[in-house]
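Student: One structure, as structure tokens, below. Some questions next.
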Amino acid sequence: METYSSLLAAIAPQGGETREVRDPATDELIGLAPVQDVAALEAAIDTAAAAQPSWAALGDQARIDYLNRAADAIEANAEALAELLSREQGKPLNGPNARFEVGGCVAWTRTAAATPLPVETIIDDESGRAEMHYRPIGVVGAISPWNWPMMISIWQIAPSLRMGNTVVIKPAETTSLSVLALVHVMNQVLPEGVLNVVAGEGRVVGAALTRSPRIGKIMFTGSTPVGKGIIEASAPNVTRLTLELGGNDAGIVLPDADPAAIAEDLFWGGFINTGQTCAALKRLYVHDSIYDEVVKHLVEYAKNVPMGVGLEEQNVLGPLQNRAQFDIVDRLVKSAKAAGAQVVLGGDPDYDAPGNFYPTTIVTEIDPHNDLVIEEQFGPALPIIRYTDLEDVIGLANELEVGLGSSVWSSDRAKALEVAARLQAGTTWINSHGGLHPMVPFGGAKQSGYGREFGVEGLKAVAEPHVISG
Ligand code: NAD
């Protein structure tokens, strides 16, 4: 079983360029991450391409067994992985954070292994017979972000391996160690060459991965602008793409909702992972008749949720993972203040303190077109917008170019469903926001991307459909 120190030692760079990795809560140096180059990427693609035919030839059941053993390995090393994740990403061990994320890696790997995808008989009658088979694509190139670095990498890796592909993954620059450690643990049981990781700059190694004619499918999770670049880079090779891009999820609280009853779920919808979550509640629209009550209950709940250093067991909110994201949140809250919005909680960071802590912030009486509302803040600052007219608020919720998640909050399910049907998003939750399940397809509408992950849809997304007719 690995410890935090043995994990770090196992993934330590062996020469070459490196970058310092600092704990975003304390600024303490925790280690060095490799900054690999395109030659290292090409070597990893060679390895993955060489390993792919025999991995595919093993057959479905053998790959399922390997995935289950990889899940066992993650589970056995969960504490060391969670500690490394906490120190590098900043998220606390407890709450829906580091231990939860490592547990998610186990659950998603097991589900990718357990989900059946048999040959489908499409027609079998006097007109003929046609079957749908799902073949491996080849080598999958995966590119993951820094907010849920292990779990999102697993979302890309596990279904790809299950379907007989091999994988080259490029982690985000600021959370490379987490993914290197995860891959190291999985590779204790997987056959050599099946799962490969190359840590390097996005615009160098990531860009080369997306241009490579030897990559059959790109699984990308990250920002919308980078996603658009990947569409262009991969076009000459007609590379298959799943793009999980940025979001700016709206939540609509209808007048019949119970403010006290929904406060806790509203809070975690917005502030899970300290707001650094793609499908977090990022703009909350509340009906005028209950606006003050919702704000009161939300602030009461929020002000008691402990934020601090990830390794201290009592904390459930942490710092921003990097200073660039801290600066974005800070700029957006300042823009709201300057425009006359009210900061009813937080909003006043200590710029000189160690780490990237931005306090839990709730902003009210804000214009629906303020930057804090229409830009993705990706941090712990929630704008709450007052509305009176349902048609208007549905228009506001739908007016942005992105559409990842959304939510409707009401005591009347039928009414909530009516509103939900009109929201432009990959998922609309009723009386909660952001909960994911490994069997329930997840992905974006509009410029939040295309393709779906998880469950049967997710397996099909990393396979080549092949009809056998006759
Ligand atoms: P980012 O787009 O800056 O980086 C994501 C990854 O892409 C990193 O590994 C990075 O190195 C790489 N990259 C950068 N430039 C590249 C290029 N030219 N070619 C190829 N790869 C390149 O995003 P981020 O800041 O790490 O993540 C935050 C964003 O991700 C937010 O917008 C968030 O909403 C989004 N996100 C979406 C989902 C989802 O499921 N839809 C999940 C998590 C995060």
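The values are calculated or read from the model by the stated rules, or taken from the named source; none is laboratory data. In this text the structure is predicted, and so the values were computed from the model without any measurement. Cβ sites come from the backbone with ideal geometry, for glycine too, and all protein chains shown count toward neighbours.
Student: Identify, please: which residue in the range 427-448 is away from the ligand (no atom under 11 Å from the Cβ) and β-branched (Val, Ile, Thr) and is, among those, farthest from the chain's Cα centre (by Cα)?
Tutor: Ile430
Student: Turning to a different aspect of this structure: Give the range 157-173 a look and list any residue that's within 14 Å of the ligand (Cβ to nearest atom) and either out of contact with any helix residue (DSSP H, G or I) (no Cβ under 8 Å at 6 or more places or on another chain) or part of a strand (DSSP E or B) (or both), or say none.
Tutor: Val168, Ile169, Lys170
Student: Answer yes if at least one residue in the range 402-413 is at negative phi, acidic (Asp, Glu), away from the ligand (no atom under 13 Å from the Cβ) and surrounded by fewer than 22 Cβ atoms within 10 Å (Cβ to Cβ), and no otherwise.
Tutor: yes
Student: Of Ile231, Ile272, which residue is crowded, with 20+ Cβ neighbours inside 10 Å, at pLDDT 95 or above and β-branched (Val, Ile, Thr)? Outline the logic, then answer.
Tutor: Working: Ile231 fails: crowded, with 20+ Cβ neighbours inside 10 Å.
Sole residue among the options that is crowded, with 20+ Cβ neighbours inside 10 Å, at pLDDT 95 or above and β-branched (Val, Ile, Thr): Ile272.
Student: To continue, here is another question. So how many residues does the range 444-470 have that are at pLDDT 95 or above and on the phi > 0 side of the Ramachandran plot?
Tutor: Number satisfying all stated conditions: 5.
Student: Got a number for residues in the range 268-287 being under 21 Å from Ala420 (Cβ atoms) and not in a loop (DSSP other than H, G, I, E, B)?
Tutor: 11
Student: Give me the pairs: first residue in the range 207-225 and farther than 16 Å from Ala158 by Cβ, second residue near the ligand (Cβ under 9 Å from one of its atoms) and charged (D, E, K, R), beta-carbon distance under 6 Å, and six or more apart or on different chains, which are they?
Tutor: From residues that are farther than 16 Å from Ala158 by Cβ, the pairs are Leu209/Lys170.
Student: Looking at this structure, is Gly138 under 19 Å from Leu243 (Cα atoms) and either over 23 Å from the mean Cα position of the chain (by Cα) or among the acidic types (Asp, Glu) (or both)?
Tutor: In short, yes.
Student: I'd like to know if the range 81-100 contains one or more residues that are on the phi > 0 side of the Ramachandran plot, assigned by TED's automatic domain parsing to the domain that holds Ser160 and touching a Pro at 6+ places or on another chain (Cβ under 7 Å). Before the answer, list the steps.
Tutor: As a first pass, look at the range 81-100 and keep what is on the phi > 0 side of the Ramachandran plot: 90, 95.
Now restrict to residues that are assigned by TED's automatic domain parsing to the domain that holds Ser160: 90, 95.
Still in the running and touching a Pro at 6+ places or on another chain (Cβ under 7 Å): 90.
Yes - at least one qualifying residue is present in the range 81-100.
Student: So Ala324 fits all but one of (1) closer than 20 Å to Ile385 by Cα; (2) without any contact (Cβ under 8 Å) to a residue 24 or more places away in the chain; what number is the exception?
Tutor: Tallying (1) closer than 20 Å to Ile385 by Cα; (2) without any contact (Cβ under 8 Å) to a residue 24 or more places away in the chain, Ala324 fails exactly one: (1).
Student: Can you report the number of residues in the range 449-464 which are more than 25 Å from Lys228 (Cα to Cα) and either polar (S, T, N, Q) or away from the ligand (no atom under 16 Å from the Cβ) (or both)?
Tutor: Matching residues across the range 449-464 total 1.
Student: Same structure, new question: Within the range 234-267, can you find the residues that are assigned to a loop (DSSP other than H, G, I, E, B) and either over 21 Å from Asp412 (Cα atoms) or within 14 Å of the ligand (Cβ to nearest atom) (or both)?
Tutor: Across the range 234-267, the qualifying residues are Val238, Thr239, Leu245, Gly246, Gly247, Asn248.
Student: Still on this model: For Lys337, which of the numbered conditions (1) away from the ligand (no atom under 16 Å from the Cβ); (2) in contact (Cβ under 8 Å) with a residue 40 or more places away in the chain fails to hold?
Tutor: (2)
Student: Might you let me know whether the range 50-71 holds any residue that is crowded, with 20+ Cβ neighbours inside 10 Å, of a type in the set (D, E, K, R) and touching a Ser or Thr at 6+ places or on another chain (Cβ under 9 Å)?
Tutor: no
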